[in-house]
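I have placed the structure first, in the form of structure tokens, so that the comments after it can refer back to it.
Just so it is clear, none of the values below were taken in a lab; they were calculated from the coordinates. The shown structure was predicted, so the numbers you read here are calculated from the model rather than taken from an experiment. Positions of Cβ are backbone-derived with ideal geometry, glycine not excepted, and every protein chain shown enters the neighbour counts.
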Amino acid sequence: MSLLPVEDALQRLLAAAAPPARSELVGLHEAQGRVLAADITATLTQPPFDSSAMDGYALRHADLAAGAALRVIGRSAAGHAFRGTVGPGETVRIFTGAPVPEGADTVLLQEDAEISGDGATIRATFTPAAGRHIRPRGQDFAEGEAVLKAGDLLDAGRLTVAAAMNHPYLPVYLRPKVAILATGDELVEPGKTPAHGQIVASNSYGIAALARDAGAEVLDLGIAGDDAAAILDAVDWARACGADVLVTLGGASVGDHDIVQPVLTGAGMALDFWRIAMRPGKPLMVGRLGAMQVLGLPGNPVSSLVCSLLFLEPLIRTLARLPAIDRRATAVTETDLAENDKRQDYLRARLRRGADGALLATPFGKQDSSMMKTFARSECLILRRPHAPALSAGSPCEVVVLREPSA
């Protein structure tokens with residue numbers, strides 16, 4: 001099988017993604033960042049009454065003849081409405097959000113009122129337009145109105161209006177469930193002492209963090225050694241838990257000890273592709289095992305993280321019905337970049353802003369795919385297209401932003 005270009009691989013992966021239709025009810029405090037599974041209609045009208053938009057005096061516009069004195073007959077505050085009626089020559093002291101009393105049709109701003117010494121009367125020093133500073137009943141939304149739509153992402157504004165419509169719970173799509181399985185006899189859990197020839201498993205923790213940030217619920221399947229039965233047991237567990245995506249770490253290539261691909265294929269996985277024209281991350285496996293998509297990531301930590309950014313993050317966001325994140329940007333390389341070969345390169349690099357605000361990228365000297373420290377210190381990946389010509393320092397370059405650049 002020939003090497004598949006990165007863009008083609010991503011397109012094929014996302015084309016096979018089927019967002020789950022399952023939904024659940026969650027409370028308002030748990031709904032942030034979730035996607036609505038149904039339209040949300042108002043259970044009441046907002047505002048429920050004509051209310052004042054400002055502090056001032058509620059009165060009849062017809063009484064605003066120049067110099068006319070109006071008698072103050074009461075007060076209307078939010079939560080403490082004036083129960084009477086404003087008649088000719090009368091006014092009510094009113095505050096923002098308070099109900100406009102019956103009979104009044106205009107609010108005079110308090111700074112436009114001249115108050116008598118005893119506070120019993122006022123005179124207008126300015127004549128506002130009729131109806132001024134009154135929010136009419138239903139100006140925001142009316143009972144039965146579908147204010148929020150299925151597919152809306154619940155952010156601060158939408159949660160606020162959902163609460164105002166008197167919905168304590170909201171129907172949201174379930175987060176896609178991602179099961180992560182690390183494989184290899186050489187792996188031990190963090191906190192244990194590795195024997196000779198063993199290493200501490202690290203990939204799954206970074207991949208799980210990325211998956212959660214992308215909107216997934218994560219199921220940690222632990223570590224399976226290079227043993228077909230152990231791998232199949234983990235796969236059965238993922239299926240029993242309703243995983244939408246199975247992510248395997250390591251063992252997806254075709255070496256003597258790379259058994260993940262043949263084991264999953266033997267279990268019924270339909271293999272789509274498994275070699276990508278990229279560096280790091282060439283041995284990436286994509287397939288489907290029943291209803292569960294399979295993404296086999298390389299065992300090298302940096303390779304698995306880069307592949308997760310390029311493939312797992314957009315897959316999860318597609319399954320979660322979340323908008324795609326575009327991490328691409330244009331920067332200026334601060335060092336010379338060599339001519340590239342046939343594979344698309346992703347160089348770990350520092351990213352900062354110059355005095356003029358432009359992004360400046362500096363690749364690390366060593367790019368070995370096992371070096372996690374370098375990835376942890378990187379703010380971006382410099383993207384080098386297949387057969388890209390050499391670039392001299394000061395030239396524009398493409399980058400994939402990992403985190404905010406330093407100043």
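For Lys373, list the lysines whose Cα falls under 28 Å from its own Cα; do not include residues on the same chain fewer than 8 positions away.
In chain and number order, the partners are Lys192, Lys282, Lys342.
Mean separation of Cα pairs under 8 Å and 6+ residues apart, divided by the residue count of the chain: what relative contact order is that in percent?
15 percent
For Ala17 and Arg123, compute 0.36 nm times the residue count separating them, minus their Cα-Cα distance, and round to one decimal in nm.
Extending this stretch completely gives an extra 31.2 nm.
Of the DSSP beta bridges with both residues in the chain, give the percent that are antiparallel, rounding to the nearest 5.
On the way: 56 of 85 bridges.
In the chain, DSSP labels about 65 percent of beta bridges as antiparallel.
By average Cβ neighbour count within 10 Å, what is the ranking of 105-115, 284-294 from highest down?
Order by mean packing, descending: 284-294, 105-115.
Give me the extension gain from Leu25 to Asp336: residue separation times 0.36 nm, minus the current Cα-Cα distance, reported in nm with one decimal.
Length gained between Leu25 and Asp336: 106.5 nm.
Quick one: order Trp237, Trp274 by neighbouring beta-carbon count within 10 Å, fewest to most. Numbers along the way, then the final one.
On the way: Trp237 15, Trp274 19.
Ranked by crowding around the Cβ, least crowded first: Trp237, Trp274.
Provide Met372, Met278, Met165 in ascending order of the number of other Cβ atoms located within 10 Å of each residue's Cβ, fewest first.
Met372, Met165, Met278
In whole Å, what are the Cα extents of region 40-140 along the three principal axes, biggest one first?
That works out to 51, 25, 22 Å along the principal axes.
Using just the helices of the chain, give the 222 nm mean residue ellipticity in deg cm²/dmol: DSSP H runs with n ≥ 4 each add -39,500 (n - 2.57), and the total is spread over all residues, rounded to 500.
Here the helix-only value at 222 nm equals -5000 deg cm²/dmol.
Hey, quick one: spin label on Ile115, modelled 7 Å out along Cα-Cβ, who in region 67-85 has an amide N within reach, i.e. under 14 Å?
The answer is 72-76.
Scan (i) 102, 62, 44; (ii) 58, 53, 41; (iii) 98, 54, 40 for the value of Cα extents along the principal axes in Å calculated from this model and give just the label.
This structure yields the entry labelled (iii).
How far is helix 6-15 tilted off the main Cα axis of the chain, in degrees rounded to 10, range 0 to 90?
For helix 6-15, the angle is close to 60 degrees.
Could you calculate the contour length gain from Leu271 to Arg288, that is, 0.36 nm times the residue separation minus the distance between their Cα atoms, to one decimal place in nm?
My answer for the length gained is 5.5 nm.
Working from the pairwise distances between different alpha carbons, so that the mean of 1/r is found and then inverted, what is region 102-184's Kirkwood radius in Å?
Averaging 1/r across every pair of different Cα atoms and inverting gives 18.5 Å.
Distance between Cα centroids, region 1-73 to region 242-302: provide it in whole Å.
The distance from the Cα centre of region 1-73 to that of region 242-302 comes to 41 Å.
So if we plug the beta-carbon distance of His387 and Ala324 into 1/(1 + (r/R0)^6) with R0 = 22 Å, what FRET efficiency do we get, rounded to 0.05?
Rounded to the nearest 0.05, the efficiency is 0.20.
Within 10 Å of each residue's Cβ, count the other Cβ atoms and sort Leu271, Leu59 from fewest upward.
Fewest-to-most Cβ neighbours within 10 Å comes out as Leu271, Leu59.
Taking the Cα atoms only, what angle lies between the long axis of helix 203-214 and the longest principal axis of the chain, rounded to 10 degrees?
For helix 203-214, the angle is close to 30 degrees.
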